[in-house]
Amino acid sequence: MTRKEILKDVKKVLIKIGSAVLSGDNGLDLNIIEQLVDDMVDLKKQGYHIVIVTSGAIASGKHRMGISGPLKSMPQKQAAAAIGQGRLMRVYSNAFGKHGIYVAQILLTMSDLTDRKRFLNIRNTLTTLMEWGVIPVINENDTVAVDEIKFGDNDQLAAMIANITETHLLINLTNTDGLYDRNPNRSKKAKVIPIVSEISDVIEQAATDETSDVGSGGMKSKVLAAKKVTAFGIPYIIAAGKEKGILRDLCAGKERGTLFLPMKEHLNSRKYWIAFTLRSRGKLTVDDGAKKALIEEGKSLLPSGVIDVEGDFHVGDPVLCLDTGGKILAKGLTNYGAEEVRKIMGLKTSRIQQVLGYKDYDEVIHRDNMAVDKELQHK
Ligand code: GLU
């Protein structure tokens with residue numbers, strides 16, 4: 001299949017723009033932003049819905065404060081983001097404003113997305129903005145997001161937004177031409193891989209941090225995001241953001257950058273959320289019988305298959321299921337808390353009532369609340 005055929009039904013595009021694309025020695029690069037906005041306006045006229053995940057707040061704030069070199073502490077980064085975010089929005093607002101298009105600022109933290117209600121609220125807001133023809137411009141809420149709640153970087157944030165918006169294509173714009181088959185800084189023979197149908201170990205090795213940009217993510221993080229996004233059935237492209245007409249060309253199916261093909265068997269939105277957005281709160285080790293039931297037979301996890309419980313989790317929390325060798329098999333929402341599972345593990349379902357004095361569910365994790373996938377191994 002040609003790229004054109006692969007991308008022919010794309011109508012919703014999520015565009016992630018990295019700091020290395022947006023900023024130069026003099027802070028935000030207004031020419032590049034205008035160039036990208038012109039492209040997006042053109043796509044919008046062609047009937048595409050556009051959502052942007054943008055970096056650049058910290059870079060812009062840092063420049064405004066006249067600081068050269070990297071910012072040392074988290075509070076410094078957060079302060080720089082607070083200074084730069086307003087400027088970043090103004091630049092987008094002005095650039096789209098020239099074409100009579102409004103933008104909307106959305107700042108998110110991880111905890112906004114792990115709460116299912118807030119997740120759905122964000123989805124509703126985004127849907128309304130798109131219906132109104134307004135372009136959502138999303139960034140991590142850097143001023144409040146540290147450690148636990150930090151996405152890590154905007155590559156991962158974009159992967160989660162791909163799920164929320166149920167986008168048809170994610171384009172990750174950076175300062176390299178795509179994913180190279182070897183380190184382009186070291187080898188003149190290095191070539192951009194035009195298409196990746198499966199993210200194998202070889203592909204992962206090609207994505208060292210070294211080959212990457214100056215943003216916080218690096219190529220490794222972009223490929224990790226590709227794994228998530230393609231597991232949701234969405235094509236993903238890494239391409240050079242400073243090149244003229246890049247977005248228009250990519251949407252028209254031209255061979256630029258690296259296209260990662262969506263996985264044929266992919267997770268639905270809710271399972272994707274469980275798999276990639278939620279942080280696990282505990283671990284259940286399961287026996288070989290349960291492993292087979294989960295992996296080969298598509299069944300739920302019953303108490304009888306659990307042989308060990310780790311962590312202090314509660315009903316509804318995400319937990320990992322491991323085999324006896326410690327390999328991750330699945331991630332799901334538990335029907336019983338850690339203390340309860342410790343009491344009922346190894347027992348037949350019929351004994352739950354007798355041991356606990358109640359039985360809310362037969363399964364420890366119901367199949368509908370479980371993602372079983374080899375791609376989960378990196379979580
Ligand atoms: N949220 C950060 C910013 O706007 C960028 C994080 C990243 O580059 O991944 O500056």
Confirm whether GLY97 is closer than 28 Å to LEU43 by Cα and either basic (Lys, Arg) or in contact (Cβ under 8 Å) with a residue 12 or more places away in the chain (or both). no
Can we say ILE58 is surrounded by fewer than 23 Cβ atoms within 10 Å (Cβ to Cβ), under 17 Å from ASP142 (Cβ atoms) and among the hydrophobic types (A, V, I, L, M, F, W, C)? no
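Scanning the stretch 57-78 for residues that are without any contact (Cβ under 8 Å) to a residue 60 or more places away in the chain and under 24 Å from the mean Cα position of the chain (by Cα), which turns out nearest to GLN156 (Cα to Cα)?
In the first step, residues of the stretch 57-78 are kept if they are without any contact (Cβ under 8 Å) to a residue 60 or more places away in the chain; the result is 59-73, 75-76.
Filter once more, so that each one left must be under 24 Å from the mean Cα position of the chain (by Cα): 59-60.
Numbers: ALA59: 19, SER60: 21 Å.
Per the stated criteria, the residue is ALA59.
Look at LYS271 and say whether it is surrounded by 15 or more Cβ atoms within 10 Å (Cβ to Cβ) and either out of contact with any helix residue (DSSP H, G or I) (no Cβ under 7 Å at 6 or more places or on another chain) or over 30 Å from ILE238 (Cα atoms) (or both). Let's see the steps before the verdict.
Values: surrounded by 15 or more Cβ atoms within 10 Å (Cβ to Cβ): yes; either out of contact with any helix residue (DSSP H, G or I) (no Cβ under 7 Å at 6 or more places or on another chain) or over 30 Å from ILE238 (Cα atoms) (or both): yes.
The answer is yes for LYS271.
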Restricting attention to the stretch 176-185, does a residue exist that is among the polar types (S, T, N, Q), over 14 Å from the mean Cα position of the chain (by Cα), part of a loop (DSSP other than H, G, I, E, B) and more than 16 Å from the ligand (Cβ to nearest atom)? yes
Taking the stretch 318-328, which residues are assigned to a strand (DSSP E or B) and either farther than 21 Å from LEU347 by Cα or of a type outside the set (A, V, I, L, M) (or both)? PRO318, CYS321, ILE328
Residue, nearest to the ligand (Cβ to nearest atom), within the stretch 96-111, restricted to residues that are buried (at least 17 other Cβ atoms within 10 Å of the Cβ) and more than 18 Å from LEU129 (Cα to Cα): THR109
Is it true that ARG90 is touching a residue at least 24 places away in the same chain (Cβ under 8 Å), more than 17 Å from ASP38 (Cβ to Cβ) and among the charged types (D, E, K, R)? no
Run down LEU71, LEU22, LEU7, LEU30 and say which single residue is over 23 Å from THR125 (Cα atoms) and surrounded by fewer than 16 Cβ atoms within 10 Å (Cβ to Cβ). LEU30
Of the criteria (1) in contact with a Phe, Trp or Tyr (Cβ under 6 Å, 6 or more places away or on another chain); (2) at pLDDT below 90; (3) β-branched (Val, Ile, Thr), which one ILE274 fails: (1)
Check the stretch 102-115 and report whether any residue there is within 18 Å of the chain's Cα centre (by Cα) and closer than 19 Å to TYR48 by Cα. no
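The values are calculated or read from the model by the stated rules, or taken from the named source; none is laboratory data. All values reported here derive from a predicted model rather than from experimental measurement. All Cβ positions, even for glycine, are placed from backbone atoms using ideal geometry, and neighbour counts span all protein chains on display.
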